[in-house]
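Here's the structure we're looking at; comments come further down.
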Amino acid sequence: MKTIMQFDDIKIEDIKNIALKAGDVIMEIYKEDFEVEFKADNSPLTKADKLSNELICSSLEKLYPQIPIMSEENKQVEYEERKNWEYYWCIDPIDGTKEFIKKNGEFTVNIALIYKNKPVLGVVYAPAIEDLYWAKENEGAFKNNKKLPFTKNSDENFTVVASKSHLSKETQEFIDELTKKYPLLTTNSKGSSLKLCMVAEGIADIYPRMAPTMEWDTAAADAIVRIAGKMTYQYEKNIPLMYNKENLLNPWFIVK
């Protein structure tokens, strides 16, 4: 089992710099006509996903060799081994590959540090729009150097944010029910983990997700949500989303 130094020894500036460098690599490919492959689960994969993953993993291994890494683009470690991890990195080198392919700017680099089963540090970088979110327990949550949340949510102007590419029937039904309670409700759609960040900012009140996601899709932004004073709850259960489960698929959840 790999052990860690001290949580305080992990410098958030290091992780921000890695995300920014990964963003530079991604944007070089974003400007090109790139090819799209499809993985076994039919999800898209590009050269940018691969190069971002290589940069992030090699940088983290160099700086923090004692902390194991879980990434969407790496072969997954068996649960029997990883269940003993105290800390580990949880990475999605490009969250929102579909948005990347559409070239709509709504994709992110996600790097999280998980302690046992909860995210305690997260960096989310949207390189096309140059928004950088980060959070570390005991240090606060920030967007572009400003402390989160920016605004206090009000009951009158209730905003729901939903997925741009993965809006399920169940999510729409949940939003329809909310409309009965909040007649002035407005909806906003966004790609990638930016939806969780919008709740952390206070510009959205709730993000319901009744569709499949994996742990690396949410971990980094979930850290920002929690450290900004909000929470990601399992749907129909008043308990937080858990990480490093045997099955890495997230249950349905609500960020509020």
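One table, with the values for the structure above:
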read-out: Residues of the range 88-111 that turn out to be surrounded by fewer than 18 Cβ atoms within 10 Å (Cβ to Cβ) and of a type in the set (D, E), as a count; value: 0
read-out: Qualifying residues in the range 169-193 (those that are of a type in the set (S, T, Y) and within 10 Å of T159 (Cβ to Cβ)) - the one most open to solvent (accessible area, probe 1.4 Å); value: T187
read-out: Sole residue being of a type in the set (S, T, Y), within 25 Å of K245 (Cα to Cα) and assigned to a helix (DSSP H, G or I), chosen from T179, T218; value: T218
read-out: Subset of the range 214-239 (residues that are open to solvent by 10 Å² or more (accessible area, probe 1.4 Å) and polar (S, T, N, Q)); value: Q234, N238
read-out: Single condition W85 does not satisfy, out of (1) closer than 20 Å to N244 by Cα; (2) open to solvent by 60 Å² or more (accessible area, probe 1.4 Å); (3) over 15 Å from the mean Cα position of the chain (by Cα); (4) not hydroxyl-bearing (S, T, Y); value: (2)
read-out: Residues satisfying the stated conditions in the range 73-82, i.e. touching a strand residue (DSSP E or B) at 6+ places or on another chain (Cβ under 8 Å) and either among the acidic types (D, E) or in a helix (DSSP H, G or I) (or both); value: E73, R82
read-out: Where L248 falls short, out of the listed (1) more than 25 Å from F142 (Cβ to Cβ); (2) open to solvent by 70 Å² or more (accessible area, probe 1.4 Å); value: (2)
read-out: Pick from the range 124-165, criterion surrounded by fewer than 17 Cβ atoms within 10 Å (Cβ to Cβ) and of a type in the set (A, V, I, L, M, F, W, C), ranking: modelled with the lowest pLDDT; value: F150
read-out: First in the range 133-148 and within 22 Å of W89 (Cβ to Cβ), second anywhere and basic (K, R) and modelled with pLDDT of 95 or more, Cβ under 6 Å, 6 or more apart; value: Y133/K143; W134/K16; G140/K147
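The values are calculated or read from the model by the stated rules, or taken from the named source; none is laboratory data. Everything quoted here is computed from the prediction, not taken from an experiment. Note: ideal-geometry Cβ built from the backbone for every residue, glycine included; neighbour counts use all protein chains shown. The area values use the complete protein model at the heavy-atom level, side chains included, leaving out ligands, DNA and RNA. Shrake-Rupley method; radii C 1.70, N 1.55, O 1.52, S 1.80 Å.
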